[in-house]
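Student: Questions regarding the structure given below will be posed in turn.
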Amino acid sequence: MKISLRLILSLVSIIMLVVSLFTLYQVRHEKRVLIDELDRRAGVLAEGLQESIESHLANAKFKEIERIVEKFGNRERLAGIAIYDQEFKPLAVTKSLAEYLTHPPYGLNSVFASASPQGRLQDFPPDRKIHAFMYPFQNKDQMVVLAIFHNANHIEARVKVIWQEGFIRWFIQALLISLVTLLIIRWNIMAPLNRAADWIKELRLGGVEDTRPPLPKDIFGSLAKEVTHIAQSLTSARQAAEQEARLRQSGESLWTPERLKEFARNKLQNRPLIVVSNREPYMHVKKGKETECIVPASGLVTALEPVLRACGGTWIAHGGGDADRDMVDSKDRLNVPPDEPQYRLRRVWLSKEEEDGYYYGFSNEGLWPLCHIAHARPLFKPEDWGTYQYVNKKFAEVALEEMRGMEEPFLLVQDYHFGLLPRLIKEKRPDARVALFWHIPWPNPESIGICPWARELLHGMLGADLVGFHIQFHCNNFLETVDRYLETRIEWERFAVNRQNHTTWVKPFPISVDFTQKPDDIFSPDEKKSEKEIILKTLGIKAKYLGVGVDRIDYTKGIVERFRGVEHFLEKNKQYQGQFTFVELGAPSRTLLKRYHDLIGEVEGEADRINHRFRTKDWKPIIFLRKHHSHKDITPYYKAADICLVTSLHDGMNLVAKEFVAARDDASGVLILSSFAGASRELRDALIVNPYDVEQMAEALRYGLEMNLEDKMNRMKRMREAVRENNIFRWGANLIDELAQIRTIESDKTPT
Ligand code: F6P
């Protein structure tokens, strides 16, 4: 109320000021026009009279002059005429004027001085306004002034009218503008704010499901965004607290972020966790004039990010975004996640040559195809190997810098990009506890022998105290490889490698996802029901069943094989033509490499060929959406799909399979999963297929679509239980726990 009153008073004052200024201007203008008009009329009259007055003055015919003065003193608005000599003495004056003209008119002296005509408004008693126009002319050797007086009361009357009109205008405008402003404020600001206040109250009381506040985006966009974050944090915190309480009640030992946080605090003894990976969790990229923060499509990021959020610490990674440098401090650090910082990201810069040799070259043209049995020939170049060694050293220096001043720091090295890093660290910091987690498969010893620097690589890896793979099979392959190529003592019962007075433990740690539902994954019941329809409508498709695949576009993911499986399914099961659509959400990856670049064309070509074969007016079997999709974009597809296809030709784990299961809180949906993905060891209720076998894939699709609801739900419930139990927090805890138990050279010195 107070605000409204203050607002109205301000508005009224501003309008008053504006209207007054305009009226003042109008008054001045109008006055000028009227005076000019009088000047003009008086001037014409003066010129007309000049000649006859001149001749009468010359002949001293004063009677005649008086007659003229009287004659012209009685015209409309004309108040009279007077003639003055140089001593300002009136030579003749209209009689009716004489009693008021006790003094010569103002300005007479300046008219004589300047010898040019002038008009002036003058006050005449009792309350008359008179306009005096003074016209000088030469009479023989002296100058006389003919003064013509007009009544000017009409000018004052006009000014009064203008001020009155101005007041009325001000009053009406102030009234209307205040009214309209109040209505606008009430409808567009107060009403949404009141609704938002009610909503926040509900949120506080725990009665809100949708974390988006009822605020119009056009006016309250940034406020709505911030409030959404607060609501999400509150909802997450509440869910976590409820979950903790539930778990305590039921005595369950589920791993949660809070439990991991507590566990890590205990095990790390207040040391921050240090993680090194090639891929960064948040990448800043330029989009026109804006800078956008994206989460790269990466299983590693999906898995590790929740662990860092829970434990805190420092994540060292390559700053690969084109706006990354703009976002860091002088030490190349920034706190992330951007909306709710919980740990530190330390970016490492690589030159184009370094990236080419280490990332594209040795890591992705050499080790990647070497470790994945996907029948792509590995390419090993000595110069790439040199760069790989150099970049490993560069990251090691950064990691050592981040560890400075810390006793027995904990370092988690990620993936095949950093095979040499563990030893480089251990040489400088023998007290550090170093784990290397290999996110991709480890093949048999014969395959590894292809790499000309296999021994050096193994030597570098064995610098770690702990080497982790997703599954036992990869651990076994690794130990056999070490046994084949290096002089070591392997303890098969304990899965440990002893070499040069150092033990490396080799263990499986099946990586996973954050199973807890995030607030932005929650749909209101109505939205959920129609999610499939919304997706199909957006895609411009009519279909009854929806299949989904989510991948980086990589030849190991079996995307082309998957499309062929869909093709064969439609061939064999004609009743599904026009009914089943498969959507592939494919994020372009490593496209600077020819194999990856060509693959995009191959995938597109295959989709086009199959679509051309089966498509109808408003249906097609395959939709290939080639772009980076955020977690938020993907979740609706997971939730709406009848079937999710994960058909990797070879995969360490594959987290898409687990993400799909985690997203299905309706305990429905079918997962078709490659037997060559690590996830198939845990998700035994998926329909396990050989992706090279189109018959089997087609049959799995049919079986999955026709599976009865009970079977479907039972399978999904069991898979959800498996993922819930073995979630990413358990993975993080197991890794930290193992590392904490390791006796480093330094801790060996301390008597226990
Ligand atoms: O899935 C294996 C993996 O190497 C992950 O560890 C990595 O995050 C992912 O591939 C993505 O690869 P890139 O970082 O090269 O895009």
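Only the coordinates and a few stated rules stand behind these numbers; no lab work does. Note that this is a predicted model, so its numbers are computed, not measured. We place every Cβ from the backbone using ideal geometry, glycine too, and count neighbours over all the protein chains shown.
Student: How much length is gained on full extension from Lys331 to Val180, taking 0.36 nm per residue of separation minus their Cα-Cα distance? Mind showing how you got there, number by number?
Tutor: Working: separation 151, 0.36 × 151 = 54.36 nm, distance 5.37 nm.
Additional length available on full extension: 49.0 nm.
Student: Express in nm, to one decimal, how much length is gained between Asp356 and Ser530 on full extension, taking 0.36 nm for each residue of separation and deducting their alpha carbon distance.
Tutor: Values: separation 174, 0.36 × 174 = 62.64 nm, distance 4.60 nm.
Once the chain is fully extended between Asp356 and Ser530, it gains 58.0 nm.
Student: Separation of the stretch 599-617 and the stretch 411-483 by C-alpha centroid, Å?
Tutor: Spelled out, the Cα-based centre of one part sits 41 Å from the other.
Student: Rounded to whole Å and sorted largest first, what semi-axes of the equivalent ellipsoid does the C-alpha gyration tensor of the stretch 22-62 yield via the square root of 5 times each eigenvalue?
Tutor: Working: eigenvalues 276, 11, 4 Å².
Semi-axes, largest first: 37, 7, 4 Å.
Student: For helix 62-71, report the angle its Cα long axis makes with the longest principal axis of the Cα atoms of the chain; keep it between 0 and 90° and round to the nearest 10°.
Tutor: On a 0 to 90 degree scale, this one is about 50.
Student: So which lysines can Lys331 reach, going by Cα to Cα under 18 Å and dropping same-chain residues fewer than 8 places off?
Tutor: Within reach: Lys394.
Student: Now a separate question. Taking 7 Å along the Cα-to-C-beta vector as the label spot, tell me the Glu407-Lys717 distance in nanometres, rounded to one decimal.
Tutor: It is 5.2 nm.
Student: Students often get this wrong, so check it: of Lys61/Lys95; Lys574/Lys717; Lys289/Lys594; Lys620/Lys658; Lys381/Lys594; Lys532/Lys712, which have C-alpha atoms separated by over 21 Å?
Tutor: Working: Lys61/Lys95 18 Å; Lys574/Lys717 31 Å; Lys289/Lys594 31 Å; Lys620/Lys658 28 Å; Lys381/Lys594 16 Å; Lys532/Lys712 18 Å.
Pairs exceeding the cut-off: Lys574/Lys717; Lys289/Lys594; Lys620/Lys658.
Student: For every other residue with a beta carbon closer than 15 angstrom to the beta carbon of Asn194, add +1 if it is Lys or Arg and -1 if Asp or Glu, then tell me the sum.
Tutor: Working: positive: Arg186, Arg195, Lys201; negative: Asp198, Glu202.
Residues close to Asn194 contribute a combined charge of +1.
Student: For Lys632 and Glu383, what does the FRET efficiency come to when R0 = 35 Å and r is the distance between their Cβ atoms, rounded to the nearest 0.05?
Tutor: Details: r = 41 Å, r/R0 = 1.18.
Efficiency for this residue pair is about 0.25.
Student: Now for a separate question. Quick one: helix 299-311 against the long Cα principal axis of the chain, what's the angle to the nearest 10°, folded into 0 to 90?
Tutor: It works out to around 80 degrees.
Student: Return the whole-Å distance between the Cα centroid of the stretch 361-397 and the Cα centroid of the stretch 37-85.
Tutor: Comparing the Cα centres of the stretch 361-397 and the stretch 37-85, I get a distance of 113 Å.
Student: So, one more: Tell me the label-point distance for the pair His502, Ile230, using the 7 Å Cα-to-Cβ offset, in nm and rounded to one decimal.
Tutor: Calculated label separation equals 5.2 nm.
Student: When the chain is fully extended, how far beyond the present Cα-Cα distance does Asp36 get from Arg6, taking 0.36 nm per residue of separation? If you can, show how the numbers build up before the last one.
Tutor: Numbers: separation 30, 0.36 × 30 = 10.80 nm, distance 4.47 nm.
Stretched out fully, the Asp36 to Arg6 stretch lengthens by 6.3 nm.
Student: Let me ask something else. If the cut-off is 18 Å between C-alpha atoms, which lysines fall inside it for Lys160, apart from same-chain ones fewer than 8 positions away?
Tutor: Lys31, Lys129
Student: Grab the beta carbon distance between Ser55 and His154, set R0 = 35 Å, and tell me the FRET efficiency rounded to 0.05.
Tutor: 0.55
Student: Gln579 versus Ser96, label points 7 Å from Cα toward the beta carbon: distance in nm?
Tutor: Label at Gln579, label at Ser96, 11.0 nm between them.
Student: Please identify which residues in the stretch 217-231 have an amide N closer than 18 Å to a label point set 7 Å out from the Cα of Arg204, following the Cα→Cβ vector.
Tutor: Hits in the stretch 217-231 for Arg204 at 18 Å: 227-231.
Student: OK, next. Report, ordered by chain and residue number, the aspartates and glutamates lying within cross-link reach of Lys557, taken as a straight Cα distance under 17 Å and ignoring same-chain residues fewer than 8 apart.
Tutor: Reachable aspartates and glutamates: Glu365, Glu584, Asp598, Glu602, Glu604, Glu606, Asp651, Glu659, Asp693.
Student: Quick one, can you get me the convex hull of the C-alpha atoms of the stretch 596-751 expressed as volume per residue in Å³? Before the final figure, lay out each step's value.
Tutor: On the way: hull volume 27.6 nm³, N = 156.
That works out to 177 Å³ per residue.
Student: May I ask for the distance between the Cα centers of the stretch 543-581 and the stretch 629-644, given as a whole number of Å?
Tutor: 16
Student: Give, rounded to the nearest 20 debye, the magnitude of the charge dipole that the chain has about its Cα centre when Lys and Arg contribute +1 at Cβ and Asp and Glu contribute -1 at Cβ. Don't skip to the end; give the middle numbers.
Tutor: Details: 104 positive and 103 negative charges, 295 e Å.
Dipole size: approximately 1420 debye.
Student: Starting with the fewest neighbours, write out Phe418, Phe614, Phe660 ranked by other beta-carbon atoms found within 10 Å of each beta-carbon.
Tutor: Neighbour counts put them in this order, fewest first: Phe614, Phe418, Phe660.
Student: Near the amide H of Gly669, under 5 Å away, which other amide H atoms are found, from residues 5 or more places off or on another chain, if H is placed in the peptide plane?
Tutor: Distant-sequence amide H within range of Gly669: zero hits.
Student: Still on this structure, I have one more. Which angle between 0 and 90 degrees, to the nearest 10, do you get for helix 217-250 versus the longest principal axis of the chain when only C-alpha atoms count?
Tutor: Tilt relative to the chain: about 30 degrees.
Student: Got a sec? How would Ser20, Ser178 order by Cβ neighbour count within 10 Å, fewest to most?
Tutor: Values: Ser20 14, Ser178 18.
With the sparsest Cβ surroundings first, the list reads Ser20, Ser178.
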